[in-house]
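Below: one structure, written as structure tokens.
The values are calculated or read from the model by the stated rules, or taken from the named source; none is laboratory data. From a predicted model like this one, the values you see are computed outputs, not experimental measurements. Here Cβ is always computed from backbone atoms with ideal geometry, including for glycine, and neighbour counts include all displayed protein chains. Remember, those area values only see protein heavy atoms, side chains included, never the ligands or the DNA or RNA. Shrake-Rupley method; radii C 1.70, N 1.55, O 1.52, S 1.80 Å.
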Amino acid sequence: MKHTNASRLITGNQTGSMVIYIIFSVLCHAALMAAVITVPALTGPKKIRMKDVVSVSLVSIPAPKSESKTVYRPPKKQPKKKILKKPPEKKKIKKQDKKKIEISTNEIKDAISKLKKEVDEQDPSDLEETLKDLKKEVENQDQDDVIERLKNEVANSRKNGTGTGVGNQSSGGIMDIYAAEISFQIQDNWAYTGEASSLVSTLGLKIAPNGEIVDIWFDRKSGNRHLDNSAYNAIMKSNPLPPLPRAYRKPFYKIGFNFGTKGVKK
Amino acid sequence: MIRYFIKPAIVCTIFFILILTHPCIADDDNYNYIDIDNPSSRKIPIAIPVFVNTAGSAADSPVFKQMSDLMIESLEFTRYFNVIDRGAYLVDPVNPAITRDKVKFQNWSTIGADFLVTGGLKLSGNNIKLELRLFDTVKGKRLVGKGYRGTVSDQRQIIHRFCSEIVRHFTGSRGIFNSKIAFVSTGTGNKEIYTCDFDGHRPKQFTNNKSINISPAWSSDGKWLAYTSFLKRKPDIYIKDLKKQEKGAVIAKKGLNISPAWRPGKFVLAATLSFSGAQKIYLLTGTGKVIRKLTRNWGSDLSPTWSPDGQKIAFVSDRSGNPHIYVMDVNTGQTERLTFHGKYNTQPSWSPRGDRITYSSIEKGSGNIYVIGIEDQDPIRLTDKSGNNESPTWSPDGSLIAFSSTREGRSRIFVMTSYGTDQKRLLALPGKQSNPKWSPSFTK
């Protein structure tokens, strides 16, 4: 009898516990749904939303060639080419320091053209031989050594906080190249008539896997309406951008651009 | 009781953390920034289709095309715009839409036109009623919209007014559309002073005394033109009222009276006079009275040009042995040498923006145009291997420089950007043209 009562007691306790679990679970689900709906809107950056994202098939207009190639500039101090630097002060609180991408668009362009040349010049038979050699090398290599080396590289990049520069976003190296590629495309679409100045217009954008710009916003306006508009138009004229690399697993890719005029000829 | 909640609380917290950090939900606010420090083009891509007849019928009069072509020509002259060829337009060229609700902006942005100007013209006899609109094709937004009435003969004025609005939208300045250029031409066999519109149109002879007339100088309000003339077989300065075409004062002191330059905002000018012996720069009233002597050092001083605030002059002096450019504060007399390169730097002209001076420098027998920053004093050559280039003068907005050049054989007037690109001939008249001087922007 005692045993039966004890069993009932245990059963009663378990039932009560289950009820609490269920109530808690329902509450949590409700809270989760509310959080999912409201949190991004509360925490997200203040964005200037586009009305429509216009899909444009770009027709590249060749830049007008200067009639005069007679401009001679005596040697002077070259302004330092900052390809990537820390983001400007923003109202948004950044959780992590941004990492710098150490590749300039010009360097990328040069590298791509050099690679193209090399590939064009290469004999296909040479390529086959190279591939065979590589296969042999890989087979001969001690796998443990390779894994150890890779581990060290990853550990060092994390320790130094530099890496290849896609911040907290995964697929660093590939995304660096992607970032350089789209920055080149956007620069190519940037037309601005103003003089050189220290003004900077900073925009952020969100790119879908198919390369479509799904959101664009000003992180900081320059104070010059024309500069801001020209920067905005440069990005929108570049839409759609190339698709995100397959190795990039996230649903969107975010990146910012600082449009400055330091490089403009005086 | 509380202990019953501990387990579920832990489970739910872990659940929350897992869910909220899932990449599909987490709104990743951390992203990198790339610096783009140089636009690929310094020209704004714009489309300007032929104006539409708003009276309903076909645009059969040549005025529709004339006026829209004039707008293309005027905007291209500024060097701010790259007008996209009409052959690339993806719209019905006969009857394109002109209002925001009808324009298909994607058709324009697709061909690379960031901006679009549409015109709706109603012609009744000689009268014109013109609606002009500037659109941002990327945003699908109207930026400027104006209506004008006038006659066919007013078309230049109407188009230039709207061009001013466009340029003001992009640069904050109204540009050069209300300015003129004075220059010397030998078309009549004598060196006479002429004036023309900023784009070389409507040249008009200003002096007609069959003598040698040089160095025209506009007053900052555009009312007066001073120049040097050898009418009495020696160089004297003549001041003429531009509107009334009346003779004003004549500065005809003993010796040379040359290189007049009006002080901004005042009826006062600086000029080189030699009545006391050496060529020195004096401050004079518009009526020709000497206010005071400005330069006192050894050597000859000439070709003054005023800073836009009227507090300083730049001038040429050979006090160091060779002609070089110097800058002097007219209030304190403090003088500094600006140029140190070369051996012959002359004809300075101070930028209306105040930050730079353009001048000509003779090297190996031919002249070239330079600009030099007042602060950095870094000379930049703008012309090279293109004949003899002289007499640079700034446009009133400081974006362009006019100068004379013998690159085509005879001396002609050319215009280029202030950084040396887009060097194009302004006009070609009989004889030689030289010594250009750009006017301020006229208010009307």
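Within the range A:194-256, which trypsin sites (Lys or Arg not before Pro) sit in a loop by DSSP and count at most 10 neighbouring Cβ atoms inside 10 Å?
Those that pass, being in a loop and sparsely packed, are A:Arg246.
Estimated purely from DSSP H runs of n ≥ 4, each contributing -39500 (n - 2.57), the mean residue ellipticity at 222 nm for chain B is -4000 deg cm²/dmol once divided by its residues. Going from the chain on its own to the full set of protein chains, the range B:366-382 has these residues losing 10 Å² or more of accessible surface (heavy atoms, 1.4 Å probe, no ligands, DNA or RNA): B:Asp376, B:Asp378, B:Pro379, B:Ile380, B:Arg381, B:Leu382. Buried accessible surface for the B/A pair, both sides summed and rounded to the nearest 100, is 6800 Å² with a 1.4 Å probe.
Of the trypsin sites (Lys or Arg not before Pro) found in the range B:152-255, those in coil by DSSP whose Cβ has at most 12 other Cβ atoms within 10 Å are B:Lys210, B:Lys232, B:Arg233, B:Lys243, B:Lys244, B:Lys254. Along chain B, counting only GluC sites (Glu not before Pro) with a DSSP assignment other than H, G, I, E or B and at most 12 other Cβ atoms inside a 10 Å radius, the longest segment between sites is B:1-245.
Let me know the mean shielding of B:109-119 by other chains, meaning the per-residue number of their Cβ atoms within 10 Å of its Cβ.
Neighbouring Cβ atoms belonging to other protein chains average 4 per residue here.
Counting charges near B:Val138 (Lys, Arg +1; Asp, Glu -1) among other residues having Cβ under 9 Å from its Cβ returns a value of +1.
Take the cross-link list B:Lys343/B:Lys385; B:Lys364/B:Lys385; B:Lys253/B:Lys312 and give me the ones stretching past 20 Å between alpha-carbons. Mind showing how you got there, number by number?
Values: B:Lys343/B:Lys385 18 Å; B:Lys364/B:Lys385 11 Å; B:Lys253/B:Lys312 25 Å.
Correct reply: B:Lys253/B:Lys312.
Roughly how crowded by other chains is peptide A:180-193, in terms of the mean Cβ count from those chains within 10 Å of each of its Cβ atoms? Present the calculation step by step, with values, prior to reporting the outcome.
Details: counts 1, 0, 1, 3, 3, 0, 3, 7, 3, 7, 5, 14, 8, 13.
Average per residue, whole number: 5.
Are there trypsin sites (Lys or Arg not before Pro) in the range B:302-392 that DSSP puts in a loop and that have at most 13 other Cβ atoms within 10 Å, and which ones? Walk me through the intermediate numbers first.
Numbers: sites: B:Lys312, B:Arg319, B:Arg337, B:Lys343, B:Arg353, B:Arg356, B:Lys364, B:Arg381, B:Lys385; in loops: B:Arg319, B:Lys343, B:Arg353, B:Lys364, B:Lys385.
When the trypsin sites (Lys or Arg not before Pro) of the range B:302-392 are filtered for loop state and at most 13 Cβ neighbours within 10 Å, B:Lys343, B:Lys364, B:Lys385 remain.
How are the alpha carbon pair distances in chain B distributed across 20 Å bins from zero to the largest one, expressed in percent? Distribution as computed: 22, 44, 22, 7, 4, 1 percent.
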